[in-house]
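Here the structure comes first, spelled out in structure tokens, and everything after it is commentary.
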Amino acid sequence: MLRAPTSLLSRVHARSYATAPSPHALVFLEHRQGDLESASLSALTAASQLGGQVTGLVVGSPDEVSSVIDKAKRLQGLSTLLHSSSPQYSTLLPEAVSPLFEKLLSQNSPFTHVVSAHSSSAKSILPRVAARLDVPAVSDVTSLEHDAASGSTTFTRPIYAGNAICTVRAPSSIPIKFFTVRSTAFAAAAVEDAAEIEVKTLDPVEVSDPPTEHIGTSLTKSDRPDLGVASRVVSGGRALKNAETFQSTLYPLADALGAAVGASRAAVDAGYADNSLQVGQTGKVVAPELYMALGISGAIQHLAGMKDSKLIVAINKDPDAPIFQVADVGLVADLFEAVPEMVEKLKQ
């Protein structure tokens, strides 16, 4: 009979009873003008589903960070809050912020996951840091499940413009798992007035000669709800002819409903609406309680950004328009007649 050496048996025995480290997530909390981004609150909810500790990270200019800390430390699900401020962090350039993440996630880091919303800033920063640390990153996650015994995490994410769902498993051999989440797939974390968590300051990592420079930021201001978080959205397509008709037709209906305004890519490309209003695969992904598609044919790229809406209402004079395949309520009519009539009835 062959016998394995005692030392080998000991190693096998020890390995079989070894346990994976408890998950500890680092959540990148983005903010703007002193307020936390609602998408980051969804990322916090996703991080909490891992089942372990959750640490928040706030980065920005000194004035911004000081105003955000008081709000961030009351978020439900956080166990610790880290913050770092520097004039270099005022615009969150990837080249300026990445060194801070690298230092925080260097050797002996307690973090097993790094989480953020699937935002423009995070999509520039997190994959960059992951590549520097030689680990993969998973983007646009819609659900997740962590196996405490094995230390692996399984994610789902949409592919092919949302027509298929891909399941991705990150094994325990990946020391730090990076992922961004689709904000419409997770509820926003609640605020606890009596919450008390540990708050720590991180020294900034200054970049002496950053290769890029922030020139300016152009934001579209509106009194209507923000498109990304609105519970009601009214969107228009290329059938609205021009920018003036787009505004005169959609805006009264949006105001009557208290809704945000959106647009298809065709409408944006034609100059009817600003880029910030684009809904779709290359625009914003929304999932409001009510989504009204006016003069939108229903191209697959647009459907990828709104088909998870709770109630979809479509108005189009083409009865064969693809939008009717996903609509809960469809009206085959001329929108220039139907919409003004709707506005009048809503005002009554």
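The values are calculated or read from the model by the stated rules, or taken from the named source; none is laboratory data. As the structure is a computational prediction, the values presented were derived from the model and not from experiment. Methodologically, a virtual Cβ is constructed for each residue, glycine included, from the backbone with ideal geometry; neighbour enumeration extends over all protein chains shown. When the accessible area is computed, the model is the full protein with side chains, heavy atoms only, and any ligands, DNA or RNA have been set aside. Shrake-Rupley method; radii C 1.70, N 1.55, O 1.52, S 1.80 Å.
Hey, any hits in segment 233-251 for a residue that's within 28 Å of residue 299 (Cβ to Cβ) and at pLDDT below 90? No: segment 233-251 contains no residue that is within 28 Å of residue 299 (Cβ to Cβ) and at pLDDT below 90.
Checked against (1) open to solvent by 10 Å² or more (accessible area, probe 1.4 Å); (2) over 29 Å from residue 157 (Cβ atoms), residue 277 passes all but a single condition, namely (2). Can you tell me which residue in segment 225-245 is nearest to residue 292 (Cα to Cα), limited to those that are touching a helix residue (DSSP H, G or I) at 6+ places or on another chain (Cβ under 6 Å) and either of a type in the set (Lys, Arg) or open to solvent by 50 Å² or more (accessible area, probe 1.4 Å) (or both)? Filtering first and then ranking leaves 232.
The combined condition, being over 30 Å from residue 94 (Cβ atoms), aliphatic (A, V, I, L, M) and either open to solvent by less than 60 Å² (accessible area, probe 1.4 Å) or assigned by the TED database to the domain that holds residue 335 (or both), is fulfilled by residue 257. Taking helices (runs of 4 or more DSSP H) as the structural unit, those lying wholly within segment 218-334 and holding at least 2 residues that are under 22 Å from residue 142 (Cβ atoms), within 21 Å of the chain's Cα centre (by Cα) and of a type outside the set (A, V, I, L, M, F, W, C) correspond to 300-303. Filtering segment 71-80 to residues that are among the small types (Gly, Ala, Ser) and not in a loop (DSSP other than H, G, I, E, B) leaves only 72. The residues of segment 32-70 that are open to solvent by 30 Å² or more (accessible area, probe 1.4 Å) and in a strand (DSSP E or B), listed by number, are 32, 35, 36, 53. Just one of (1) modelled with pLDDT of 95 or more; (2) surrounded by 21 or more Cβ atoms within 10 Å (Cβ to Cβ); (3) assigned to a loop (DSSP other than H, G, I, E, B) fails for residue 189. It is (1).
Candidates in segment 6-39 are the residues that are of a type in the set (Gly, Ala, Ser) and modelled with pLDDT under 50; of these, the one that is nearest to residue 122 (Cα to Cα) is 18. Flag: residue 293 matches the condition of being crowded, with 24+ Cβ neighbours inside 10 Å and not charged (D, E, K, R).
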